[in-house]
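Presented below is the structure to which this report refers.
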Amino acid sequence: MIIYDKMKSLICTTLLVETSPQGLPLGAACIASAVKADSRTNKKISVELVDFSLEEQDICLARKNGGDDKVASLIANRLSQNKPDFLAFSVYVWNRVILEKTCLELKQILPECVCIAGGPEVTANPFSFNSFDFMIAGQGERAMVELLEQLLCHPESQKCEIQGVYARDSSLSCDARTEIIRACPLPPDVTVSPYLDGTLNPAKYGGALWELARGCPFKCSYCYESKGEKKIAYFPIERLEKEIELFAKKNISQVFVLDPTYNASKERAIKMLKIIEKKAPGMFFYFEARAEFIDRELARAFARIPCCLQIGLQSANPDVLKNVNRTLEKKRFIKNIGFLNEEGVIFGFDLIYGLPGDNFNGFCESIDFALSLYPNNLELFCLSVLPGTDLHDAAKGFGLEWEQTPPYHVLKTPQFNEKDLARAEKLAQATNLFYTKGRAVAWFNPLLYVLREKPSVFLKKFADWLDEKLTHNLLSLTDMQIEEFQLDFVRKSFHEKHLDRCYPAAEDLIKMHGALGRCTYDGSESNFTTNYHPDDVMSEYGTDIEFFTENCGKQKCRVKVFLGKNGADWRVV
């Protein structure tokens, strides 16, 4: 019989990119909740959740002065203050290097502390770590409790026979043929909600990361889920209702739904949307969805709540998508996205450059296809060849070369050389600035219609123009600075095409939509001058720039945009 002379302590920790709903430490919190709830550990181990963020002032300063080593030292010293017996780290692509260094630093301060790591990076290859004492591959709630129970009973044990748990052993190695045995997951109906038990306070992060299900039925080879279970395990509706009631009580403004294919089950998707509509009508929700499963009924259900859908297009070339185990039926895709546009649902697309079989021209064609469908945003990413994915196993067969350390970006392919990848990155930054951050969806395609240019051609010119004009960080630009760049470049583009007569109408469109977008986002008011009456600019004819220029009389107006009872509004002052 084991006699516990004192309660042990566990700190569950991670390093976030930022303190935000998307960056919320859900994985670490789930582990903390599981240990607190299980009868084998709840009276023997005290549990604390401690998270750090790269945007914290002292961490930013440490990184500036001493890089990752300085950050790791800072975190290790903070974690050691309460002298924990166990430390559990959630390890991701963005924090792996720093957390490994943190563990090594911590071992110097508290050599008896047992350090355990989990998360996607560990699941991919637990054998690649040599700083932590134990690694847990896969979902860790059950395995963590079993490991802690073993360590309580046999504190000197250096081995482990728990499924999915790996003890540190430098003699082990992993290659593409090594099977990583994952921990046995708990059924969703017996897992503990870190929100409902008080482990996580969503108000601290400005919103919630809401887990509705685990698993994915698809096998996209670049995704960690490519080697996961090809089925979805849903959390009970009763639990989700209680969580949404808590979110409403906390009065948070936004929720990011952590479900890689929210609409895999149309029936369940609509049921959850009705619950959201009833219990949290003013809250904004972000969903990840598959376009092939969208129909008019589902589009209308999305339209009844404040929300945005992010849709993984990845490429507009079906042959390229086949290389990463995806499909695309263009006609069906266009039709289903049309339902979203017709019902007024906000949505965006993801595209990846550097995919096997793709090239720079193909990436540009994907941009052209995506922007022709009027997405609210377009997120462009460099391919990461993530360890533990099917693509990682097949990458050499495709001739890919990639970084061997996080973030594992592709360096070149037979079709996409280093120079073209650099051009793609530059184009991605320009697209993000001009289109997504510039809130250009309402006027972008009408503008290009007048210029008779494809989106990728226009944006490549903008990227080159930015090189000449911009002397500071793109990320530091304010909304008004972005609008000034838009107006300057559009003026230049119209002049080069001898369309100066049309520029005043285009200018008014950009100013009006920019002001309304900022007001909708944060309530900010604007005062500015237009060339035409704002009612005419915002009419159904306003986006037909050539027709509008020829048929609408100019009228200089001083316009105020403000937040009215029904949202952003304007009046002539």
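The values are calculated or read from the model by the stated rules, or taken from the named source; none is laboratory data. Quick caveat, the model's predicted, so the values are computed rather than measured. All Cβ positions, glycine included, derive from the backbone under ideal geometry; neighbour counts span all protein chains shown. Just the protein is used for accessible areas: all its heavy atoms, side chains included, with ligands, DNA and RNA removed. Shrake-Rupley method; radii C 1.70, N 1.55, O 1.52, S 1.80 Å.
When the helix-only estimate is applied to the chain (DSSP H runs of n ≥ 4, each -39,500 (n - 2.57), divided by the residue count), what is the mean residue ellipticity at 222 nm, nearest 500 deg cm²/dmol? Please list the in-between numbers first.
Values: 19 runs with 226 residues, N = 573.
Per the formula, -12000 deg cm²/dmol.
Values of log10 I(q)/I(0) for the chain across q = 0.05, 0.06, 0.09, 0.13 Å⁻¹ run -0.25, -0.35, -0.78, -1.48, by the Debye formula with one identical scatterer at each alpha carbon and no solvent. Here is the P(r) of the range 55-177: all C-alpha pair distances, binned every 5 Å from 0, give 2, 11, 20, 22, 20, 14, 6, 4, 1 in whole percents. What shape does the range 472-573 have by the C-alpha gyration tensor, where a ≥ b ≥ c are the square roots of the eigenvalues, rounded means a/c under 1.5, and otherwise prolate means a/b greater than b/c and oblate the rest? Note, shape of the range 472-573 comes out oblate.
Estimated from the Cβ-Cβ distance and a Förster radius of 41 angstrom, the FRET efficiency linking residue 342 and residue 474 is about 0.75.
Think of a 1.4 Å ball rolled over the protein heavy atoms: the chain then has 46 Å² of accessible area per residue.
Which net charge results when you count Lys and Arg as +1 and Asp and Glu as -1 among the other residues whose beta-carbon is under 12 Å from that of residue 517?
Numbers: positive: 437, 439, 511, 518; negative: 479, 483, 522.
Taking every Cβ under 12 Å from that of residue 517, the sum is +1.
Please report the projected area of the range 1-121's Cα convex hull averaged over all directions, in nm². If you can, show how the numbers build up before the last one.
Details: hull surface 31.8 nm².
Dividing the Cα hull surface by four gives the mean projection, 7.9 nm².
Once you have the Cα-Cα distance between residue 368 and residue 550, take 0.36 nm times their residue separation minus that, and quote the gain in nm to one decimal. Spell out each step's value before the answer.
Values: separation 182, 0.36 × 182 = 65.52 nm, distance 2.84 nm.
Length gained between residue 368 and residue 550: 62.7 nm.
How would you classify the range 321-435 from its alpha-carbon gyration tensor, with a ≥ b ≥ c the square roots of the eigenvalues: rounded for a/c under 1.5, else prolate if a/b is greater than b/c, otherwise oblate? Provide the component values of the computation, followed by the final result.
Working: a/c = 2.15, a/b = 1.65, b/c = 1.30.
Cα axes put the range 321-435 in the prolate bin.
Among rounded, prolate and oblate, which fits the range 60-123 when a ≥ b ≥ c are the square roots of the eigenvalues of its C-alpha gyration tensor, a/c under 1.5 means rounded, and a/b larger than b/c means prolate? Oblate, because a/c is 1.5 or more while a/b does not exceed b/c. Of the accessible area of the range 453-573, computed with a 1.4 Å probe over protein heavy atoms only, carbon and sulfur atoms account for 48 percent.
With 0.36 nm allotted per residue and the present C-alpha distance subtracted, the residue 179-residue 484 stretch has 104.4 nm of extension available.
Under a point-charge model restricted to the Cβ atoms of Lys and Arg (+1) and Asp and Glu (-1), what is the dipole moment magnitude of the chain relative to its Cα centre, in debye to the nearest 20? Walk me through the intermediate numbers first.
Values: 69 positive and 77 negative charges, 154 e Å.
Around 740 debye, computed over the chain.
Ranking 493, 265, 386 by how far each Cα lies toward the positive end of the dipole of the chain (charges on Cβ) leaves 265 at the top.
Based on Cβ point charges of +1 for Lys and Arg and -1 for Asp and Glu, what charge dipole magnitude is obtained for the range 447-573 about its Cα centre, in debye rounded to the nearest 20? Show your work: numbers first, answer last.
Values: 17 positive and 21 negative charges, 26 e Å.
It works out to roughly 120 debye.
Against the empirical 2.2 N^0.38 Å (N residues), the range 392-545 has a Cα radius of gyration ratio of 1.27.
Spin-label model, residue 525 to residue 203: label points 7 Å out along the Cα-to-beta-carbon direction sit 3.0 nm apart. You can think of it this way: the chain between residue 275 and residue 189 has 29.1 nm of extra reach, that is 0.36 nm per residue less the Cα-Cα gap. Put a dot 7 Å past the Cα of residue 169, heading toward its Cβ, do the same for residue 249, and the two dots end up 4.7 nm apart. With both partners inside the range 201-321, how many of the DSSP beta bridges are antiparallel, as a percent to the nearest 5? Antiparallel bridges make up about 15 percent of those DSSP assigns within the range 201-321. Note on residue 77 and residue 300: the model spin-label points, each 7 Å out from Cα along the C-beta direction, lie 6.2 nm apart.
If you plug the beta carbon distance of residue 238 and residue 94 into 1/(1 + (r/R0)^6) with R0 = 45 Å, you get a FRET efficiency near 0.85.
Accessible area of the range 323-434 with a 1.4 Å probe: how many percent of it is carbon plus sulfur? Working shown, then result.
On the way: 2260 of 4770 Å².
That share works out to 47 percent.
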